[in-house]
Amino acid sequence: MADFQVIVGDPDEGTTHSFEVDGQDANRFIGRSLGDAVDGDAIGLSGYELELTGGSDTSGRPMRADVPGTATRELLLTGGVGFHPTVDGERKRVTVRGAEISEDTRQINAKIVARGDQSIEDLLGDDEE
């Protein structure tokens with residue numbers, strides 16, 4: 001059974017919120033790709049719409065939007081997700097995960113693209129800030 005940690009960024013307020021998702025709610029994410037929109041009900045944010053922006057697998061490999069599927073690939077990178085060069089012209093071969101969410105995904109990054117009627121603080125209650 002899938003078990004994810006979903007990190008939701010709020011671009012308007014500059015805050016992030018962390019959610020643990022498992023069971024039936026986690027199945028709503030499987031098969032989705034980076035850039036897809038997901039209903040916020042899966043993590044308890046009813047009325048909100050989220051855009052999947054990134055993530056990582058159980059080994060910590062980052063997901064890249066330009067790699068199709070769920071498999072890992074070794075890419076020669078000059079920059080971007082997974083490698084940040086320190087010298088001009090530096091390249092490095094890095095193992096990255098594809099853009100599709102699978103059972104191997106551990107963390108999913110998302111951002112809010114449409115808001116609901118209630119604020120996030122009202123939906124979460126006083127437990128989480």
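The values are calculated or read from the model by the stated rules, or taken from the named source; none is laboratory data. Just so we're clear, the structure is a prediction, and the values are computed from it rather than from any experiment. FYI the Cβ positions are ideal-geometry reconstructions off the backbone, even for glycines, and counts take in every protein chain you see. Keep in mind that these areas ignore ligands, DNA and RNA; they rest on the heavy atoms of the full protein, side chains included. Shrake-Rupley method; radii C 1.70, N 1.55, O 1.52, S 1.80 Å.
What accessible area per residue, rounded to a whole number of Å², is obtained for the stretch 20-129 using a probe radius of 1.4 Å?
Numbers: 6290 Å² over 110 residues.
Counting only protein heavy atoms, the per-residue value for the stretch 20-129 is 57 Å².
Describe numerically, in nm with one decimal, the distance between label points set 7 Å from Cα along Cα→Cβ at SER46 and at VAL87.
If labels sit at SER46 and VAL87, their model points lie 5.8 nm apart.
Pop the C-beta distance of ARG115 and GLN24 into the FRET formula with R0 = 30 Å and round what comes out to the nearest 0.05. Could the numbers behind the result be given before it?
Values: r = 24 Å, r/R0 = 0.82.
Using R0 = 30 Å, I get an efficiency of 0.75.
For the chain, which whole-number percentage of the solvent-accessible area (1.4 Å probe, protein heavy atoms only) is attributable to carbon and sulfur atoms? Don't skip to the end; give the middle numbers.
Numbers: 2960 of 7280 Å².
The C+S portion of the solvent-accessible surface of the chain is 41 percent.
Grab the beta carbon distance between ASP39 and THR78, set R0 = 35 Å, and tell me the FRET efficiency rounded to 0.05.
Numbers: r = 36 Å, r/R0 = 1.04.
Efficiency, from the Cβ-Cβ distance: 0.45.
Using a cut-off of 10 Å between beta-carbons, work out the net charge of the residues near SER59 (Lys and Arg +1, Asp and Glu -1, SER59 not included). Write down the numbers at each step before the final one.
Working: positive: ARG61, ARG97, ARG106; negative: ASP57, ASP104.
Within the 10 Å Cβ shell, the charges total +1.
Which residues' amide hydrogens lie under 5 Å from the amide hydrogen of ASP36, considering only partners 5 or more residues apart or on another chain, with H built in the peptide plane?
LEU52
So I have [x] 56, 44, 24; [y] 83, 48, 18; [z] 48, 33, 23, and one of them is Cα extents along the principal axes in Å calculated from this model. Which one is it?
[z]
At what distance in nm do the modelled label points of THR95 and ASP3 sit from each other, each positioned 7 Å from its Cα along Cα→Cβ?
Calculated label separation equals 2.2 nm.
Extension gain ASP104-GLU13, at 0.36 nm per residue separation less the Cα-Cα distance, in nm? If you can, show how the numbers build up before the last one.
Values: separation 91, 0.36 × 91 = 32.76 nm, distance 3.11 nm.
Residue separation times 0.36 nm, minus the Cα-Cα distance, leaves 29.7 nm.
How much of VAL38 can a 1.4 Å solvent probe reach, expressed as accessible area in Å² and rounded to 10?
Here the accessible area works out near 10 Å².
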